[in-house]
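The values are calculated or read from the model by the stated rules, or taken from the named source; none is laboratory data. Computed from a predicted structure; not experimentally measured. So basically every Cβ, Gly included, is an ideal-geometry build from the backbone, and we count neighbours across all protein chains shown. With ligands, DNA and RNA removed, areas are computed over all heavy atoms of the protein, side chains included. Shrake-Rupley method; radii C 1.70, N 1.55, O 1.52, S 1.80 Å.
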Amino acid sequence: MSATPQKPTVTEREARQVAEAAREQDWRKPSFAKELFLGRFRLDLIHPHPLPAAEDTLRGEEFLAKLRDFCETKIDSARIEREARIPDETITGLKELGALGMKIDTKYGGLGLTQVYYNKALALVGSVNPALGALLSAHQSIGVPQPLKLFGTQEQRDTFLPRCARTDISAFLLTEPDVGSDPARLATTAVRDGDDYILDGVKLWTTNGVVADLLVVMARVPKSEEGKGGITAFVVEAASEGVTVENRNAFMGLRGLENGVTRFHRVRVPAANRIGPEGAGLKIALTTLNTGRLSLPAMCAGAGKWCLKIAREWTSVREQWGKPVAFHEAVGSKISFIAATTFALEAVLDLSSQMADENRNDIRIEAALAKLYGSEMACLMADELVQIRGGRGFETAASLAARGERAVPAEQVLRDLRINRIFEGSTEIMHLLIAREAVDAHLSVAGDLIDPDKSLSEKAKAGANAGVFYAKWLPKLVAGAGQLPRSYGEFHHDVDLSTHLRYVERNARKLARSTFYAMSRWQGRMETKQGFLGRIVDIGAELFAMSAACVRAELLRTQGDHGREAYQLADAFCRQSRIRVEELFGRLWNNTDDVDRKVVKGVLSGTYTWLEEGVLDPSGDGPWIADATPGASTRENVHRPIR
């Protein structure tokens, strides 16, 4: 029988141990980004640029043509924004088109698209309305299909994948009202009862949860004689007795998002619906996200393309002081930033996606960098577009149309994109996640040296291993191909990109030296230096983006497909990126981190409450975090499956 779930009380160390146990421990395949953080510029891992198979391209292009026609003729984005919901007929149309099964193998009724073409499809749909892109992405990137593809039994795949390919929408439920990026405190429980589990708890921000037919639910299984327990993943029928969608949440953007609060009260789930063994839930979630995260940069790259189109069209007709505003330097620099960054985002996305399809490289860092970089840069591009549009950028599309002008939803795009810096790992969490992977080699050889729980003999052994590793590694950070004037000469044509690749090589070594110095200086306190770690990751992201941009430009040149123009865009991006890199390196050691910590202590202790005087708080009453005590629901069920 089920027990009353209790909110776990965990220490900071215990929370870290849970997160560490969930991450993939081994590197069985090479990783360009991992090598980059270690100061090794392995251009051979990404150049020549990998290419899709001809049959994959044909199948992908055929579907994109159908999807484009559907988007142009069947989707009313203004209606979705106005009514704050996606019409049933739109979702039904996407089902009939096969869009729910883009990533599902053809033997289960799916389309079997590659990651490259799945992302192209998301970019296309997302450019029409990002809420639709979010629906398709949540269903396939993190919903039922991907975990079952990676960890499900054959019986589970045979049972659920055909449904997901054509008719059933899925959702992924991890977050709780009081649990975000710290899953060690997960309170939803699944207690074994014969051949079933009894599920109790409340889940928050369940994207697709309002309309979903199938749910991937993360719950804590108590340790028992039958199993080791731990956080575990289950496939749950949304129509099961005891499942209640208590609220459809509303947001500043993505107004069509079918996102809610879902309560489970004594929900009976067959043990056959458990994905993987007990305790494997977090590992399943993180592994699923390794490629699932690529869906967000896909829509960010698509948004960049749209921003560029509007910026080009608007600034060519809007005149001030006798010439189009595009030719005023203050505006022109913004257009250049949007164009160059869009090129780089697409380069990062396509390179990471193709590597995911080939499965020759471990892309956990690449995918995370793509998500981090894409979400941050897309927001900046949208903000610059609003600035370029001026007052019209702040005005809604409906208002523009009402007074007779083109209904350009610039402000909506800015609102819609903002969530990507939070979705599937906030920027701050992504910094820490990537930083952990970036220093994995160091922790593998020297981690015991700074672990207070290790014995003297273990520390001595770690010291010997570290000595061997660093004796070989450190000398290689002194000099490299980046100091040879003719290195990477195949990238020198009308525009010289070889100089940028040499810059990447030199600064990869500098980045590795900086990381090593910081570890030597702070040792066990390194994990508390989140500002430093964030800048290290941001430098790596810029170096990765520069590499991808140059490799993509060379690919387009060899294919005779806008090669000259691609080289120009790659050059512009790399020059802009280098300025950001230099600033980030400077801020590694010259920053206000220490001062900021003191101010934070003062703010929280009430030292500065006098600064808050003179305003009124329009916030309503109520707790900061809603009560999530398990029990029967007292709310109306707003679940609305699309049939």
- Message: Of the conditions (1) within 24 Å of the chain's Cα centre (by Cα); (2) open to solvent by less than 30 Å² (accessible area, probe 1.4 Å), PHE585 satisfies every one except a single condition; which number is it?
- Response: (1)
- With ALA370, ALA378, ALA382 as the choices, which residue is under 20 Å from ARG42 (Cα atoms), at pLDDT 95 or above and crowded, with 24+ Cβ neighbours inside 10 Å? ALA370
- Query: Residues ALA303, ALA339, ALA326: which one is over 30 Å from PHE151 (Cα atoms) and modelled with pLDDT under 95?
  - Reply: ALA326
- Message: Considering only residues that are under 26 Å from the mean Cα position of the chain (by Cα) and open to solvent by 70 Å² or more (accessible area, probe 1.4 Å), which ones fall in the range 563-582?
- Response: ARG575, ILE579, GLU582
- Note on the structure: If we ask which residues in the range 393-411 are in a helix (DSSP H, G or I), of a type outside the set (A, V, I, L, M) and touching a residue at least 24 places away in the same chain (Cβ under 8 Å), their number turns out to be 1
- Query: Out of the range 537-562, which residues are over 15 Å from VAL348 (Cα atoms), in a helix (DSSP H, G or I) and open to solvent by 10 Å² or more (accessible area, probe 1.4 Å)?
  - Reply: ARG557, THR558
- The number of residues in the range 422-449 that are over 24 Å from THR288 (Cβ atoms), open to solvent by 20 Å² or more (accessible area, probe 1.4 Å) and either among the aromatic types (Phe, Trp, Tyr) or in contact with a helix residue (DSSP H, G or I) (Cβ under 6 Å, 6 or more places away or on another chain) (or both) is 3
- Item | Residue, farthest from PHE264 (Cα to Cα), within the range 620-636, restricted to residues that are surrounded by 10 or more Cβ atoms within 10 Å (Cβ to Cβ) and of a type in the set (Val, Ile, Thr) | ILE625
- Note on the structure: Here the residues within the range 344-367 that are open to solvent by less than 20 Å² (accessible area, probe 1.4 Å), in contact with an Asp or Glu (Cβ under 9 Å, 6 or more places away or on another chain) and either of a type in the set (A, V, I, L, M) or closer than 30 Å to SER316 by Cα (or both) are VAL348, LEU351, MET355, ILE365
- Message: Could you check the range 78-123 and list, in sequence order, the residues that are touching a residue at least 12 places away in the same chain (Cβ under 8 Å), closer than 19 Å to LEU64 by Cβ and β-branched (Val, Ile, Thr)?
- Response: THR90, ILE104, THR114, VAL116
- Search the range 92-112 for residues being among the hydrophobic types (A, V, I, L, M, F, W, C) and open to solvent by 20 Å² or more (accessible area, probe 1.4 Å), and hand back the single one that is farthest from the chain's Cα centre (by Cα). LEU97
- Query: Of the residues ALA466, ALA471, which single one is over 30 Å from GLY253 (Cα atoms), assigned to a helix (DSSP H, G or I), of a type outside the set (D, E, K, R) and open to solvent by less than 40 Å² (accessible area, probe 1.4 Å)?
  - Reply: ALA466
- Message: For the range 157-173, give me each residue that is out of contact with any strand residue (DSSP E or B) (no Cβ under 9 Å at 6 or more places or on another chain), surrounded by fewer than 24 Cβ atoms within 10 Å (Cβ to Cβ) and part of a helix (DSSP H, G or I).
- Response: ARG157, ASP158, LEU161, PRO162, ARG166
- Among the residues of the range 528-552, which ones are touching a residue at least 12 places away in the same chain (Cβ under 8 Å) and more than 18 Å from ARG578 (Cβ to Cβ)? LYS529, GLN530, GLY531, PHE532, LEU533, GLY534
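When the residues of the range 385-406 are filtered to those that are among the aliphatic types (A, V, I, L, M) and either within 30 Å of ALA541 (Cβ to Cβ) or in contact with a Phe, Trp or Tyr (Cβ under 8 Å, 6 or more places away or on another chain) (or both), which remaining residue is least open to solvent (accessible area, probe 1.4 Å)? Walk me through it before giving the result.
First, pick out the residues of the range 385-406 that are among the aliphatic types (A, V, I, L, M): 385-386, 388, 397-398, 400-402.
Still in the list and also either within 30 Å of ALA541 (Cβ to Cβ) or in contact with a Phe, Trp or Tyr (Cβ under 8 Å, 6 or more places away or on another chain) (or both): 385-386, 388.
Details: LEU385: 2, VAL386: 23, ILE388: 18 Å².
If we take residues in the range 385-406 being among the aliphatic types (A, V, I, L, M) and either within 30 Å of ALA541 (Cβ to Cβ) or in contact with a Phe, Trp or Tyr (Cβ under 8 Å, 6 or more places away or on another chain) (or both), then LEU385 is least open to solvent (accessible area, probe 1.4 Å).
Hey, does the range 265-283 have a residue that's open to solvent by less than 30 Å² (accessible area, probe 1.4 Å), polar (S, T, N, Q) and at pLDDT below 95? Explain how you work it out, then say what you get.
First pass over the range 265-283, keeping only residues open to solvent by less than 30 Å² (accessible area, probe 1.4 Å): 267, 269, 271, 273, 275-276, 278, 280-282.
Those left that are additionally polar (S, T, N, Q): 273.
Those left that are additionally at pLDDT below 95: none.
Checked the range 265-283: no residue is open to solvent by less than 30 Å² (accessible area, probe 1.4 Å), polar (S, T, N, Q) and at pLDDT below 95.
Touching a Phe, Trp or Tyr at 6+ places or on another chain (Cβ under 9 Å), in a helix (DSSP H, G or I) and without any contact (Cβ under 8 Å) to a residue 60 or more places away in the chain, is that true of GLU437?
Values: touching a Phe, Trp or Tyr at 6+ places or on another chain (Cβ under 9 Å): yes; in a helix (DSSP H, G or I): yes; without any contact (Cβ under 8 Å) to a residue 60 or more places away in the chain: no.
No.
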- Restrict the check to the range 608-631 and report whether at least one residue is hydroxyl-bearing (Ser, Thr, Tyr), free of Cβ contacts under 8 Å to residues at least 12 places away in the same chain, farther than 30 Å from VAL245 by Cβ and assigned to a loop (DSSP other than H, G, I, E, B). yes
